[in-house]
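Everything on this sheet refers to the single structure shown next.
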Amino acid sequence: MKRKTGQDRSITANWRPATLAVRGGTARSEYGETSEALFLTSGYAYDCAGDAAARFAGEQAGMTYSRLQNPTVEMLEHRIALLEGADACRTMASGMAAMTAALLCQLQAGDHLVGGRAAFGSCRWLTDTLLPKFGIETTVVDARDPQAFVDASRPNTKVWFFETPANPTMDVVDLRAVCALARERGIVTVVDNAFATPALQRPMDYGADVVAYSATKMMDGQGRVLAGAVCGTEAFVNDVLLPFTRNTGPTLSAFNAWVVLKGLETLDLRIRRQSENALEVGRFLEGRVPRINFPGLPSHPQHALAMSQMAMAGPIFSFEVDGGRTQAHALLDALELVDISNNIGDSRSLMTHPSSTTHSGVAEEKRIEMGIDEGMIRINVGLEDPADVIADLDHALGVAGL
Ligand SMILES: *Cc1c(COP(=O)(O)O)cnc(C)c1O
């Protein structure tokens, strides 16, 4: 590795976010390649046995095995940490690997966690099913109310875990208020920031301790690979998270890391354009459908809060029809441009019916408690011309009787 300016914090400290997204973390090999190199290797060779011993003892810098380190993966970790304003970052094989590691690495039997009730389906499975199985008690609350976290906490509460905006109800959590309340009590906040990414919202600026990502979404942004990341202090990442991930192995592949590095180069452009497109589509749907859940619209009850912590509202929102699953499915089936797909953060416009897809694994009474109606539809607005997306929706709404 020759030129490592992208990893030199005395240099990157002066770079602005859009620059960091393109150059942060880059380290060049002796060939001087401009685009980051893809190191497809599981192992590393040493010049002598003494070097191998020194590296294993942590006395010599360098790689030992790709479950632990890989040059391409490290470049991505540096870049995400820089964008997040975090000391350190570790990437994972998927967003769920990141959420699981971020929680299990710091919790043990006898601990208690408070989680936001509106959440990605698998995140709810972690709080409702996995953690209790290992003796970690959990309580879910309406995360729109900061006091709800306090009221649900006990002497053994270690972590508050939530996402904002939340999937798919778009509940917004007051980051400043909740993180301050957690700090006062010595409770660790773990924020799933997949919807906003650091390009729109940096939870650590408001006091969050740990920020976790599905990098599958806006970071890759083109629907290609799965990836995840966990950001935190040096002490958290090295002393708490690393022992867990090094030995359990939810490692991100170098190839997927390279794809996400390429994705991050255009994150700022994509998320801004997709946020603008989503607002146009949202304005069209408002008034045409019975209910719309989009914090980007001034009519949303949490609009002011969302805009006080997000640069833009992002590409994702949900809306509801009165005819339940039948009408929601009829609407989806009439689409000609927008795909029926449960992914988000893609450059293509995608729509899904959460209660029969992403949240079908969540029991019906929990879906109701989370605010997921049978008539709810979630949309990810892509990079297409928004007029074409609106025309497609207009036609499909008509077919579905709206
Ligand atoms: C997609 C998603 C996840 C899970 O990420 P994967 O990369 O699919 O494992 C977690 N949280 C949120 C908010 C998500 O949107």
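Where a number appears in this text, it was derived from the coordinates with a stated rule and is not lab data. Here the structure is a predicted model, which means the values were calculated and not measured. All Cβ positions, glycine included, derive from the backbone under ideal geometry; neighbour counts span all protein chains shown.
Miscellaneous remarks
- 5 Å binning of all Cα-Cα separations within region 99-209, expressed as whole percents from 0 upward: 2, 13, 26, 27, 21, 9, 2, 0
- Sum of -39500 (n - 2.57) over DSSP H runs of 4+, divided by residues of the chain (222 nm, nearest 500): -10500 deg cm²/dmol
- The stretch between residue 41 and residue 356 holds 109.4 nm of extra length on full extension. This uses 0.36 nm per residue minus the Cα-Cα distance.
- Rg and Dmax of region 267-399, Cα atoms only, in Å: 14.2, 40
- Judged by the ratio a/c of the largest to the smallest principal axis of the C-alpha gyration tensor, region 202-258 counts as oblate, that ratio being 1.5 or greater while a/b is no larger than b/c.
- Debye log10 I(q)/I(0) for the chain, one point scatterer per Cα, at q = 0.07 Å⁻¹: -0.33
- Alpha-carbon centroid distance for the pair region 115-163 / region 1-33, whole angstrom: 38
- Cβ-based net charge around residue 195, under 9 Å, with every Lys or Arg adding one and every Asp or Glu removing one: -1
- Separation of region 247-281 and region 379-402, taken as the distance between their Cα centroids, equals 24 angstrom.
- For region 346-402, the square roots a ≥ b ≥ c of the C-alpha gyration tensor eigenvalues yield an a/c of 1.5 or more together with a/b not exceeding b/c, which makes the shape oblate.
- Near residue 186: Cβ cut-off under 12 Å, other residues only, Lys/Arg at +1 and Asp/Glu at -1. The net charge is +1.
- Label separation (residue 54 vs residue 280): 5.9 nm, computed from points 7 Å beyond Cα along the C-beta direction.
- Annotation: the residues 23, 16, sorted from fewest to most other C-beta atoms within 10 Å of their own C-beta, follow the order 16, 23.
- Relative contact order (percent, whole number), the chain, Cα cutoff 8 Å, 6+ residue spacing: 16
- Summed residue charge, Cβ within 13 Å of residue 106's Cβ, Lys/Arg positive, Asp/Glu negative: -2
- Computed from backbone phi, the HN-Hα couplings of region 154-161 come to 10, x, 9, 6, 9, 9, 10, 10 Hz, rounded to whole numbers (Karplus: 6.51 cos²θ - 1.76 cosθ + 1.60, θ = phi - 60°; Gly and Pro given as x).
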